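> Please see the structure below; I have some questions.
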Amino acid sequence: MEKITDVACVKNEIYKDSIYNLSKILVLKMSETFDEKQYEIYIHDDFAEVVWQTKMQVMAEDLTDSLEKKLGAHILFASSEENGKIVKVEAYSTPVENSMYAIYLSSDQHGVIDSITVFFFDSLDVMYHHLRKDYQSITKVVGDIIEKQSLQDLVGIFI
């Protein structure tokens, strides 16, 4: 894994364009939550990981609603464990060129979020298999499933 602090230094052009595009969209559509330069980039073998800091703490439910309404993200699942102390959400983009990503929200403070993690993909197959693996792991969640997309809807987005 390679850590990069500037998107201009990302070698993979698809990752570079995708990160740049989402960064601009987050600032444009969700300026109350995100700054343009508040992120770190990690390059893995088959995806790029970006951790975006939020301007302030936000509630997972509110941020999930914003991702869905303002970015058009699809909610793969949302779960809650330990009577709401631990909250996890995974959302993802409609897969199109330079915009294939999964967004992860995680809180162990009753839904309070101060960052998001985004995985960027340069291949439709890699994105689909990654989401499918995460979808199958939902059954291992110990707590409550708050929201879960149907497998048919997930597959339909990739057809």
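The values are calculated or read from the model by the stated rules, or taken from the named source; none is laboratory data. These figures come from a predicted structure and were not determined experimentally. Using ideal geometry, Cβ is built from the backbone for each residue, glycine included, and neighbour counts are taken over all protein chains shown. Surface areas here come from the heavy atoms of the whole protein model, side chains and all, with no ligands, DNA or RNA. Shrake-Rupley method; radii C 1.70, N 1.55, O 1.52, S 1.80 Å.
> Could you run through segment 80-136 and say how many residues are of a type in the set (Asp, Glu) and closer than 19 Å to Glu13 by Cα?
Going residue by residue through segment 80-136, those that are of a type in the set (Asp, Glu) are 81-82, 90, 97, 108, 114, 122, 125, 134.
Cutting the leftovers down to closer than 19 Å to Glu13 by Cα gives us 97, 122, 125.
Number satisfying all stated conditions: 3.
> Being assigned to a loop (DSSP other than H, G, I, E, B) and basic (Lys, Arg) is the filter here, so list the residues in segment 7-24 that pass it. Quick ask: steps written out before the conclusion?
The first filter runs over segment 7-24 and keeps only residues assigned to a loop (DSSP other than H, G, I, E, B), leaving 10-12.
Scanning segment 7-24 gives a single hit, Lys11.
> For segment 64-75, which residues satisfy the criterion of being surrounded by 22 or more Cβ atoms within 10 Å (Cβ to Cβ) and in contact (Cβ under 8 Å) with a residue 40 or more places away in the chain? Lay out the reasoning, then the answer.
Residues of segment 64-75 surrounded by 22 or more Cβ atoms within 10 Å (Cβ to Cβ): 64, 67.
Matches in segment 64-75: Thr64 only.
> Taking segment 34-71 as the search range and keeping residues that are more than 15 Å from the chain's Cα centre (by Cα) and polar (S, T, N, Q), which one is farthest from Thr94 (Cα to Cα)?
Just the residues of segment 34-71 that are more than 15 Å from the chain's Cα centre (by Cα), to begin with: 35-38, 43-46, 55-59.
Now narrow it down to the ones that are polar (S, T, N, Q): 38, 57.
On the way: Gln38: 24, Gln57: 27 Å.
Ranking the candidates gives Gln57 first.
> Mind listing just one residue for me: the one in segment 122-152 that is in contact (Cβ under 8 Å) with a residue 40 or more places away in the chain and open to solvent by 80 Å² or more (accessible area, probe 1.4 Å) and, of those, nearest to Ile43 (Cα to Cα)?
That would be Lys148.
> To continue, here is another question. Quick check: anything in segment 96-103 polar (S, T, N, Q) and over 11 Å from the mean Cα position of the chain (by Cα)? Steps first, answer last, please.
Residues of segment 96-103 polar (S, T, N, Q): 98-99.
In the following step, the residues that additionally are over 11 Å from the mean Cα position of the chain (by Cα) were identified as 98-99.
Among the residues of segment 96-103, at least one is polar (S, T, N, Q) and over 11 Å from the mean Cα position of the chain (by Cα), which makes the answer yes.
> For residues that are basic (Lys, Arg) and farther than 17 Å from Glu82 by Cα, tally how many sit in segment 103-143. Break it down into steps so the answer makes sense when it comes.
Step one: filter segment 103-143 for residues basic (Lys, Arg), giving 132-133, 140.
Restricting the remaining residues to those that are farther than 17 Å from Glu82 by Cα gives 132-133.
So the answer is 2.
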